[in-house]
Amino acid sequence: MNTARELVRRHLDHPGLLDRVADEDDLVGAGVNSGELIRVALACEDLLGRPLDDAELACLTSVRAVAGLLGTTAPDPDPAPAPAPEGAR
């Protein structure tokens with residue numbers, strides 16, 4: 001969820017707005033405008049490496065929805081380092 005929250009935060013004109021928004025809250029209802037949502041959608045497309053379809057675009061209504069979209073297919077932007085092979089130092 002943190003990845004989705006930070007992605008949304010980076011694309012808001014007033015990032016502090018997200019401090020008052022729960023993960024399930026409707027972003028438009030909380031004051032996020034259409035231009036900001038477009039930037040969120042474009043960032044999701046960049047992370048996924050493909051365009052979003054109409055249904056995916058329509059579902060970007062909350063931080064939880066963004067996380068759901070990214071959760072199963074997007075690479076982690078800050079992946080943990082791979083473990084060293086056994087016996088390697």
Cα-projected label distance for H14 with A55, points at 7 Å along beta-carbon direction, nm
3.5 nm
At q = 0.20, 0.24, 0.27, 0.31 Å⁻¹, base-10 log of I(q)/I(0) for segment 1-46 (Debye sum, equal scatterers on each alpha carbon):
-0.57, -0.84, -1.08, -1.39
Checking rank on 53-60, 8-15, with mean other Cβ inside 10 Å and highest first, the result is 8-15, 53-60
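The numbers here are math on the coordinates, done by the rules we state, and not lab data. As the structure is a computational prediction, the values presented were derived from the model and not from experiment. Cβ: placed from backbone, ideal geometry, glycine included. Neighbour counts: every protein chain shown.
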